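Trainee: Let me give you the structure first, and then I'll get to my questions.
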Amino acid sequence: MNILSDYINHDFKPLDGKDTIASAQDFFIDVTFSHFPVVENGIFVGNVSAEDIDGFDFSKNLSEYKYTFEGFFTRANSVLLDVLDDFAKNESNIIPVLDENNNYIGYYKLEDVIRVFNETPFLKELGGIIIIEKEINSYSFSQIAQIIEGNNGKFLGAFISNIEAERVQITVKIGEGSLNEIIQTFRRYEYEIISKHQEDDYLKTLKDRSDYLDKYLNI
């Protein structure tokens, strides 16, 4: 079941290509949307930008400015991360939702999708966050899960948070288990730990002090 479908919004009807620019400008005065979908005969034809519409001739129709419309949308069966990605890529606070025949269904609001994301176990469940890095051709999500679960940890989720040159960074959420033991195991498998961890720093401090004492005793 796609829980996002419960958040498809119908509070405002889509703009129509036959609408005047003046009426569309009035619409944007009353809302905080960065864009809004435009349809013709129920078929989505694009999104008009609130910023662009201020410069249009108010006596003309929307269809005369179709060349300025932005074509982004999502499908009713799209998963949460895909929809979040759509919002980010298009710098919009609204995403039209279409069926497989490009019929307009409704729209998602960014605030609703963020609320759904905040309720996922990845964010809601208590646990620790580790950011690890490795060569892009040598990391494995199955290996990451095995390292966590092999140390009696609860694997709550992971995503690729950065790719640069030949290396990839992965953000991992862990519930339960010894965070330090998991960190040390990642290092044994040649994962670099990018994030800072209090327990890890404490052990490093102890090691530094131990090394200093060994050096002092050998003087």
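The values are calculated or read from the model by the stated rules, or taken from the named source; none is laboratory data. Note that the structure is a prediction, hence the values are computed from the model and not measured. With ideal geometry, Cβ positions are generated from the backbone for all residues, glycine too; neighbour counts draw on all protein chains shown. The accessibility values were calculated without ligands, DNA or RNA, using every heavy atom of the protein model including side chains. Shrake-Rupley method; radii C 1.70, N 1.55, O 1.52, S 1.80 Å.
Trainee: Considering each residue of the stretch 15-38, count those that are in contact with a Pro (Cβ under 9 Å, 6 or more places away or on another chain) and farther than 13 Å from residue 71 by Cβ, and give that number.
Mentor: The number of residues fulfilling the criteria is 2.
Trainee: If you don't mind, there's one more thing I want to ask. Find the residue count for the stretch 13-35, including only residues that are touching a residue at least 60 places away in the same chain (Cβ under 8 Å) and in contact with a Phe, Trp or Tyr (Cβ under 9 Å, 6 or more places away or on another chain).
Mentor: 2
Trainee: Next question, about the same structure. Filter the stretch 140-198 down to the residues that are open to solvent by 30 Å² or more (accessible area, probe 1.4 Å) and assigned to a helix (DSSP H, G or I) and list them by number.
Mentor: Of everything in the stretch 140-198, those that are open to solvent by 30 Å² or more (accessible area, probe 1.4 Å) and assigned to a helix (DSSP H, G or I) turn out to be 141, 142, 143, 146, 149, 150, 179, 181, 184, 187, 188, 198.
Trainee: Free of Cβ contacts under 8 Å to residues at least 40 places away in the same chain, assigned to a strand (DSSP E or B) and either open to solvent by 20 Å² or more (accessible area, probe 1.4 Å) or closer than 30 Å to residue 118 by Cβ (or both): does that describe residue 38?
Mentor: No.
Trainee: Under 9 Å between Cβ atoms, which residue pairs at least 6 apart in sequence (or on different chains) link something in the stretch 119-137 that is among the charged types (D, E, K, R) with a partner that is open to solvent by 70 Å² or more (accessible area, probe 1.4 Å) and in a loop (DSSP other than H, G, I, E, B)?
Mentor: 134/189; 134/190; 135/166; 135/190
Trainee: Of the residues 59, 92, which single one is open to solvent by less than 40 Å² (accessible area, probe 1.4 Å) and of a type in the set (Ser, Thr, Tyr)?
Mentor: Answer to the check: 92.
Conditions tested, residue by residue: (1) within 30 Å of residue 47 (Cβ to Cβ); (2) among the small types (Gly, Ala, Ser).
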| site | (1), (2) |
| --- | --- |
| 106 | yes, yes |
| 119 | yes, no |
| 130 | no, no |
| 134 | no, no |
| 146 | no, no |
| 163 | yes, no |
| 167 | no, no |
| 171 | no, no |
| 182 | no, no |
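Trainee: Can you tell me how many residues within the stretch 69-83 are modelled with pLDDT under 90 and open to solvent by 30 Å² or more (accessible area, probe 1.4 Å)?
Mentor: Number of matching residues: 6.
Trainee: Show the residue pairs that are 6+ apart or on different chains and have beta-carbon atoms under 8 Å apart, the first residue being within the stretch 61-79 and within 21 Å of residue 18 (Cα to Cα), the second being basic (Lys, Arg).
Mentor: Listed pairs, sorted by first residue: 61/18; 62/18; 63/18; 72/89.
Trainee: Mind listing whichever residues of the stretch 41-56 are in a strand (DSSP E or B) and open to solvent by 60 Å² or more (accessible area, probe 1.4 Å)?
Mentor: Residue satisfying the conditions is 43 alone.
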